[in-house]
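One structure is given below, encoded as structure tokens.
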Amino acid sequence: MLSFSSAHPLTTPVKGIFTPLELLNWRHSPGAENTPTLGRITLNSMQRDHLTSGVPQKLPSKDLLQWDQTLFKDERYFELDYIPEHFSHRDTQMRALKIAARPALRGARPINCLCSGPHGTGKTTAVLKVFEEIENYTDSVVPVYVNCQIDSTRFAIFSEIYKKLFKYTPPDSGVSFKRVFKKITKYLIDQEKVLIVALDDINYLFYENTVNKVLYALLRAHEVSAEVKVGVIAISSDLSVEMSKALDPRVMSVFLPEGIYFPLYNRDEVRDILEDRVRHGFYANVVPDDVLNMVIDLVEESSDLRVGIDLLRKTGLRAEISARKYIAADDVVHSHEKSRLVHLTYSIHSLREEERDLLKLIAEQEAKIKAGDLYKKFNEETHLGYTRFYDIISKLDSIRLINTDFTGRGTRGRTREIQLRYEPEDVFSVLAGTDT
């Protein structure tokens, strides 16, 4: 049974989640010691007295989850960034990534790759699993993972590479990119290392117009010295971005990536993956078959496995709050309201302040709005120019937060109308969460 050590004492109820009365309704009842399928949280007498002070004593039914029990065997399995030990249904893609990295193990330049596919299809996990294997096999290859939603400038990306090599981050100011770049290449030469950089969500570099500078610096590093060997793995969920057309010809001529496509998981694959998470993350009999089928249906509806993983976590927490030893269909229906917004939440959290301001402005409109009218409102609030406005509109469209449609009603027949893809209330809710 799962037990929490005294290093993490529960001295007060968690605000907004548990109240003393809720905890008391989960009190220890006769025969509970013989319940092997649920984890137990150990509290000392002082902590228990604190929770019971001033609250009527009440023993629950044996069918209820007790206050010192949990449904979760290992909650990490329901975190969206968790890397599972067993990664299923991506053998072909993993094999292609390993073949591309193989030259680096021999001290040669690795093959560049482009991992593409819809959201929630295992692209990031596959790359991180291969990086893990490389680091366990040799120290002559340095794999570096960069999240371009967070680090979208050339300096920020090379700072991540610098941190991996030297174990500390270069100063944000007072140090030129040229100096950072030179120190990285010198280290690779002196230590005889091969560098592989994974640019996750590289499509964000297109939105910020920094992709050519970043790739040019990485892929043409060998021009500084022939001894520098660098490979790039680009990861993109935006299938509308055509690399061959969007990249500078000078960059494309040296990038020439091996394409590795990650299709949507089919229903049987979704079931297998979620059953594995349930088996390792929950205790036995917590998720009935009909509930799991509901979750699988919602994953198919959203075409995003992350919705199912997040939904299992939220339903488990809701069942615990209701003091039940199992997840019910009502938990799925209620929790789906939040889990269905996984893409919206991820996308909004990646936006800069002025990008969120424009998204909020669009959400405040009652109907479609012409780009010119929207720009006037945006300029009045932010004082930013039309070029920045245009770039933000293109980005919001590319990450599927808005729709932009050209009409024939303008003076030149190219008026663009803009409309939100989500319900305004959902956008306002997520935006409010980014301000806390």
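If you take the residues in the range 318-340 that are within 20 Å of the chain's Cα centre (by Cα) and surrounded by 21 or more Cβ atoms within 10 Å (Cβ to Cβ), which one is modelled with the highest pLDDT?
Filtering first and then ranking leaves SER335.
Kindly provide the set of residues from the range 152-176 that are under 25 Å from the mean Cα position of the chain (by Cα) and closer than 19 Å to LYS229 by Cβ, ordered by number.
Listed by number, the residues that qualify are ILE157, PHE158, GLU160, ILE161, TYR162, LYS164, LEU165.
Would you confirm, using the coordinates I've provided, whether THR315 is among the β-branched types (Val, Ile, Thr), surrounded by 15 or more Cβ atoms within 10 Å (Cβ to Cβ) and modelled with pLDDT of 95 or more?
yes
Out of (1) surrounded by fewer than 16 Cβ atoms within 10 Å (Cβ to Cβ); (2) within 21 Å of ARG340 (Cβ to Cβ); (3) at pLDDT 90 or above, what's the single condition that is false for ASP373?
Here ASP373 clears every test but (2).
Quick one: count up the residues across the range 323-375 that are part of a helix (DSSP H, G or I), charged (D, E, K, R) and either within 30 Å of PHE282 (Cβ to Cβ) or assigned by TED's automatic domain parsing to the domain that holds SER237 (or both).
Of the residues in the range 323-375, 4 are part of a helix (DSSP H, G or I), charged (D, E, K, R) and either within 30 Å of PHE282 (Cβ to Cβ) or assigned by TED's automatic domain parsing to the domain that holds SER237 (or both).
Select from the range 280-296 the residues that are among the charged types (D, E, K, R) and out of contact with any helix residue (DSSP H, G or I) (no Cβ under 9 Å at 6 or more places or on another chain) and list them in ascending order.
Result: ASP289, single match.
Of (1) in contact (Cβ under 8 Å) with a residue 60 or more places away in the chain; (2) of a type outside the set (Ser, Thr, Tyr); (3) in the same structural domain as GLU423 (by TED's automatic domain parsing), ARG306 satisfies all except one. Which?
So ARG306 meets the others, but not (3).
Can you tell me how many residues within the range 391-422 are at pLDDT 80 or above and of a type in the set (Phe, Trp, Tyr)?
Total satisfying the criteria: 1.
Which of the residues that make up the range 233-262 are modelled with pLDDT of 90 or more, exposed (fewer than 13 other Cβ atoms within 10 Å of the Cβ) and farther than 16 Å from LEU218 by Cβ?
Once the filter is applied, which keeps residues that are modelled with pLDDT of 90 or more, exposed (fewer than 13 other Cβ atoms within 10 Å of the Cβ) and farther than 16 Å from LEU218 by Cβ, the range 233-262 yields PRO249, GLY259.
Look through the range 86-141, keep the residues that are in contact with an Asp or Glu (Cβ under 6 Å, 6 or more places away or on another chain) and hydrophobic (A, V, I, L, M, F, W, C), and return whichever of them is farthest from LEU219 (Cα to Cα).
ALA100
Given the condition buried (at least 19 other Cβ atoms within 10 Å of the Cβ), under 20 Å from the mean Cα position of the chain (by Cα) and either at pLDDT 95 or above or not β-branched (Val, Ile, Thr) (or both), answer yes or no: does some residue in the range 281-291 qualify?
Scanning the range 281-291 turns up at least one residue that is buried (at least 19 other Cβ atoms within 10 Å of the Cβ), under 20 Å from the mean Cα position of the chain (by Cα) and either at pLDDT 95 or above or not β-branched (Val, Ile, Thr) (or both).
Collect the residues in the range 263-280 that are surrounded by fewer than 19 Cβ atoms within 10 Å (Cβ to Cβ) and either part of a helix (DSSP H, G or I) or not aliphatic (A, V, I, L, M) (or both), keeping them in residue-number order.
PRO263, ASN266, ARG267, ASP268, GLU269, ARG271, ASP272, GLU275, ASP276, ARG279, HIS280
Here is a list of conditions, (1) buried (at least 17 other Cβ atoms within 10 Å of the Cβ); (2) without any contact (Cβ under 8 Å) to a residue 60 or more places away in the chain; (3) in contact with a strand residue (DSSP E or B) (Cβ under 8 Å, 6 or more places away or on another chain), and LEU359 meets all of them except one; can you say which number that is?
All conditions are met except number (2).
Only residues that are touching a strand residue (DSSP E or B) at 6+ places or on another chain (Cβ under 6 Å), at pLDDT below 95 and surrounded by fewer than 22 Cβ atoms within 10 Å (Cβ to Cβ): list them for the range 177-229, please.
Result: ALA221, single match.
The values are calculated or read from the model by the stated rules, or taken from the named source; none is laboratory data. All values reported here derive from a predicted model rather than from experimental measurement. Note that each Cβ is placed from the backbone with ideal geometry, even for glycine, and that neighbours are counted across all protein chains shown.
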